[in-house]
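Notes follow the structure.
The values are calculated or read from the model by the stated rules, or taken from the named source; none is laboratory data. Given the structure is predicted, the values throughout are model-derived calculations rather than measurements. Because the Cβ atoms are built from the backbone with ideal geometry, glycine has one as well, and the counts that use them run over all protein chains shown. When the accessible area is computed, the model is the full protein with side chains, heavy atoms only, and any ligands, DNA or RNA have been set aside. Shrake-Rupley method; radii C 1.70, N 1.55, O 1.52, S 1.80 Å.
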Amino acid sequence: MNKVPEEIYKRINNSIYDTDGDKWWSNEFSLNLLRVLFNPFRTAYIKKVISQTITETINLKVLEVGCGGGLLTEEIAKMGYNITGIDPAVSSINAAISHAELSCLKIKYDEGVGEKLPFDSESFDVVLCCDVLEHVRDLPAVISEVSRVLKEEGVFIYDTFNRTFMSNLGAIKILQEWERWAIMPPALHVWEMFIKPHEMKTLLWDNKLKWVEHLGVKPD
């Protein structure tokens, strides 16, 4: 895969994470649904993978790339792991910092992009990237950076949208475009930026990361 062509990338509204970044923890904000609908299975899967692949979890260092307002970051912190969240949206980072303080959680947050992570090589035991890869301009660069900052026996856990007819119907048409059902902001996602599993496998292989499994999620 290559960088997303400019004519496609300019269609996605990534600015929402700055303009509405202060709303992440509001029950009225559409993206707060991630906390209710996605966090339960995400956190369960993350906990399972870590327990099955990492023997020594004391002082485990976790990085979440594209942490937004910290909805998932806080769940990982509550597991007792040392987690750092990074995001390019200053407004979202500020919301994450404020909410972590209110929750008495020790979380480090940094401003930055996945294409150029401001961390030393082999700094983290686990890297998370959830609902983010389909938003980035240069996916190969992001995966390369993830590989660089992971320790040799580290684990990369991600979720993203598969580029299928059903994802176009559900995530784009129903949730964003068709007014009768739409609950998400317009242009939150662009279907052409969704990623097929075989494309992720190739990127992982190209960056010396061993693919282990893909699990599907669909509406119930």
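Numbers for the structure displayed
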item: Dimensionless Rg ratio for region 81-170, taking C-alpha atoms and the 2.2 N^0.38 Å reference; result: 1.20
item: Per-residue ³J(HN,Hα) for region 207-212, Karplus 6.51 cos²θ - 1.76 cosθ + 1.60, θ = phi - 60°, Hz, x for Gly and Pro; result: 10, 6, 10, 8, 6, 10
item: For region 148-197, alpha-carbon Rg relative to the globular expectation (2.2 N^0.38 Å, N residues); result: 1.53
item: For the chain, built as a Gaussian network whose Cα springs stay under 10 Å, the top-fluctuating residue of 103, 30, 123; result: 103
item: GNM flexibility winner over the chain from 11, 35, 137 (Cα, springs under 10 Å); result: 11
item: For region 95-127 and region 51-87, distance of Cα centres in Å; result: 9
item: In sequence order, calculated HN-Hα J values of region 179-194 (Karplus, 6.51, -1.76, 1.60; Hz; x Gly/Pro); result: 4, 4, 10, 4, 10, 10, x, x, 6, 4, 10, 10, 4, 5, 8, 5
item: Rounded to the nearest 20 debye, dipole of the chain from Cβ charges on Lys, Arg, Asp, Glu; result: 500
item: Net +/- balance of residues flanking residue 137 in space, Cβ distance below 15 Å, scoring K and R +1, D and E -1; result: -4
item: Farthest toward positive dipole pole in region 11-57 [+1 Lys/Arg, -1 Asp/Glu at C-beta], among 12, 39, 51; result: 51
item: Rh (Kirkwood; distinct C-alpha pairs) - region 5-103, Å; result: 14.6
item: Under 5 Å, built H, 5+ apart or other chain: amide partners of residue 110; result: 85, 86, 87
item: Sulfur and carbon atoms: percent of accessible area, the chain [1.4 Å]; result: 53
item: By average C-beta atoms within 10 angstrom, highest first, the peptides 38-47, 184-193, 84-93; result: 84-93, 184-193, 38-47
item: Scattering curve values for region 89-142, log₁₀ I(q)/I(0), Debye with Cα scatterers, q = 0.31 Å⁻¹; result: -1.26
item: P(r) of region 132-220 over all Cα-Cα pairs, binned every 5 Å from zero, in whole percent; result: 3, 13, 22, 22, 16, 11, 9, 4, 1, 0
item: Around residue 56: net Lys/Arg minus Asp/Glu count, Cβ-Cβ under 11 Å; result: -2
item: Residue 105 long-range amide H proximity, modeled H, under 5 Å; result: none
item: Computed helical MRE - 222 nm, the chain, DSSP H runs ≥ 4 contributing -39500 (n - 2.57), nearest 500; result: -8500 deg cm²/dmol
item: Region 22-140: antiparallel DSSP beta bridges as a percent of all, rounded to 5; result: 10
item: Computed over region 85-220: relative contact order in percent, which uses C-alpha pairs under 8 Å that are six or more apart; result: 19
item: Total formal charge among the other residues, if their Cβ is under 11 angstrom from that of residue 85, Lys/Arg +1 and Asp/Glu -1; result: -4
item: Computed over region 120-191: relative contact order in percent, which uses C-alpha pairs under 8 Å that are six or more apart; result: 32
item: Beta bridges by DSSP in the chain, antiparallel share as percent, to the nearest 5; result: 5
item: Among 102, 117, 63, residue whose mean-square fluctuation peaks in a GNM of the chain (springs only between Cα atoms under 10 Å); result: 102
item: Cα-Cα P(r), the chain, percent of pairs per 10 Å interval; result: 8, 34, 40, 17, 1
